[in-house]
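The values are calculated or read from the model by the stated rules, or taken from the named source; none is laboratory data. These numbers were taken from a predicted model, which means no experiment stands behind them. Virtual Cβ from ideal backbone geometry, glycine too; neighbours counted across all protein chains shown.
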Amino acid sequence: MLDYNARRREAADARLLATIDAEDDRVSKRMKEIRARHCSTPRDDLLRAHIKAMKLSLRTGEKSRRILFVTGESNAGKSRLVESILAEDPAFESYEDEEGRGRPLLHDDAASPCTQRNFAIRFMTRLGVPVRDNLAKSVAWPQMVRSFSAHRVMFLVIDEAQRTMKLNDHQELQEFSDNLITLVDNRDWPIRVILIGVDPLDMLRKRDPQMLNRSKRIKLRPMPAFKADRVVTWLNEVVVEHAELAMADLKLADLALRLIHSCAGNAGSIIELIRDAVQVALYDRRCEVRTIDFAQAYYDRTSCLPHDNVFVEADWQVLPGGLAKLKDKEEDGAQAVEKAKPLKAGERPR
């Protein structure tokens with residue numbers, strides 16, 4: 001069913017996009033290719049090491065490697081990091097054998113609202129498992145667990161996982177936490193879980209000693225100015241390697257600091273702003289990216305006045321920072337965190 005829907009959507013998109021003019025079509029196709037490329041980060045090797053340890057824990061039974069939390073602010077690059085590292089690992093490729101299709105990796109956003117029933121239905125639907133509309137909570141989760149075994153799911157990746165923290169009922173939240181632990185502790189079909197989300201998600205890890213003992217965390221923090229050389233690397237990757245353009249008059253060290261300032265160090269926003277500058281150059285049919293392209297991309301994102309443009313003004317440090325940081329509807333997830341009180345030491349409500 002999912003493959004059928006994907007084909008229908010692809011056909012519908014093609015029909016719609018056939019109406020755009022040739023220039024927009026040319027640039028949009030090129031930008032799709034550029035945005036699909038991964039920009040390297042210092043955390044790539046760290047995540048690879050965590051995933052390797054999680055794989056090995058299926059053999060060794062090591063408790064602390066069963067769940068991985070990947071947290072940070074919106075557009076910090078959490079999802080792209082996890083997707084890219086998992087995509088390069090042949091262990092997570094789907095396969096066909098005498099038992100049918102195997103799905104070692106299952107990846108989707110958490111349901112919203114993220115009740116146990118909605119969660120189970122969402123991931124069974126992702127597997128292509130038929131689900132009744134009136135499926136009860138007491139039935140949905142066990143059916144999902146059986147579906148994981150039937151489709152040979154080994155790793156479960158839950159994006160936007162901070163939605164779990166919006167559960168207002170203390171008991172419901174605890175049951176959800178317990179069920180995740182049951183998934184990774186299952187004697188017959190244990191799996192490993194990666195949860196991705198904004199910082200309130202870390203409360204799910206800390207509120208319960210059982211969860212804390214079974215998990216590790218990677219936190220993606222804003223890029224500080226003293227790590228501007230990483231932004232220079234991204235400039236080279238996006239402009240030269242991915243877009244195959246030249247960097248004309250760019251003073252890379254200075255430009256990197258301006259990018260950090262304009263995006264408040266948010267990695268995903270910085271990379272997208274570099275791509276936006278590339279898009280400006282592509283529309284101008286140039287083979288090089290110029291400083292003015294970053295100024296135009298910044299204006300397009302912020303609608304700033306000319307004297308407030310970080311990429312034009314000499315005294316850019318005195319201008320407000322973070323105006324080009326990409327916003328997300330779940331950016332302020334902390335405002336909607338569940339009202340359930342943290343567990344007391346040794347408390348396990350039922």
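One residue is enough: does the stretch 157-168 have a residue meeting the conditions in contact with a strand residue (DSSP E or B) (Cβ under 6 Å, 6 or more places away or on another chain) and of a type in the set (Val, Ile, Thr)?
Yes, there is a match, as at least one residue in the stretch 157-168 is in contact with a strand residue (DSSP E or B) (Cβ under 6 Å, 6 or more places away or on another chain) and of a type in the set (Val, Ile, Thr).
Mind listing whichever residues of the stretch 85-100 are part of a strand (DSSP E or B) and in contact with a strand residue (DSSP E or B) (Cβ under 7 Å, 6 or more places away or on another chain)?
Scanning the stretch 85-100 gives a single hit, 95.
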Query raised in the report: Which of the residues spanning the stretch 127-160 are at pLDDT 90 or above and either acidic (Asp, Glu) or closer than 20 Å to residue 57 by Cβ (or both)?
Result: 145, 148, 149, 152, 153, 154, 155, 156, 157, 158, 159, 160
Query raised in the report: Is it the case that the stretch 136-152 has a residue that's among the charged types (D, E, K, R), touching a residue at least 60 places away in the same chain (Cβ under 8 Å) and in contact with a helix residue (DSSP H, G or I) (Cβ under 7 Å, 6 or more places away or on another chain)?
Result: no
**Report entry** Options 195, 255: the member that is in the same structural domain as residue 78 (by TED's automatic domain parsing) and buried (at least 16 other Cβ atoms within 10 Å of the Cβ)
**Finding:** 195
Query - Scope the stretch 1-46; condition in contact (Cβ under 8 Å) with a residue 60 or more places away in the chain and under 18 Å from the mean Cα position of the chain (by Cα); matching residues - result: 34, 35, 37, 39, 40, 41, 42, 43, 46
Query - Residue in the stretch 182-193 that is modelled with pLDDT of 95 or more and within 21 Å of residue 269 (Cα to Cα) present - result: no
Query - Only listed residue being part of a helix (DSSP H, G or I), over 24 Å from residue 224 (Cα atoms) and touching a residue at least 12 places away in the same chain (Cβ under 8 Å), chosen from 257, 235, 282, 273 - result: 282
Requested in this report: Could you run through the stretch 43-67 and say how many residues are crowded, with 22+ Cβ neighbours inside 10 Å and not in a helix (DSSP H, G or I)?
Outcome: 2
Report task. Would you confirm whether any residue within the stretch 220-230 is over 23 Å from the mean Cα position of the chain (by Cα), at pLDDT below 95 and either assigned to a strand (DSSP E or B) or within 27 Å of residue 105 (Cβ to Cβ) (or both)? Result -> no
Report summary line: Across the stretch 173-231, the tally of residues that are out of contact with any strand residue (DSSP E or B) (no Cβ under 8 Å at 6 or more places or on another chain) and under 17 Å from residue 159 (Cβ atoms) stands at 2
Requested in this report: Pull up the stretch 102-124, narrow it to residues that are in contact (Cβ under 8 Å) with a residue 24 or more places away in the chain and among the polar types (S, T, N, Q), then point me to the one that is surrounded by the fewest Cβ atoms within 10 Å (Cβ to Cβ).
Outcome: 112
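Kindly evaluate residue 71 against the criterion of being over 23 Å from the mean Cα position of the chain (by Cα) and of a type in the set (Val, Ile, Thr). Give the steps one after another, and end with the answer.
Details: over 23 Å from the mean Cα position of the chain (by Cα): no; of a type in the set (Val, Ile, Thr): yes.
When the stated conditions are applied, residue 71 does not pass them.
Only one of these is more than 21 Å from residue 145 (Cβ to Cβ) and either exposed (fewer than 14 other Cβ atoms within 10 Å of the Cβ) or of a type in the set (Asp, Glu) (or both): 99, 88. Name it.
Details: 99 fails: more than 21 Å from residue 145 (Cβ to Cβ).
None of the other options fit; the residue is 88.
So if I check each of 82, 27, 70, which one is aliphatic (A, V, I, L, M) and part of a strand (DSSP E or B)? Spell out the reasoning first.
Working: 82 fails: part of a strand (DSSP E or B); 27 fails: part of a strand (DSSP E or B).
It is 70.
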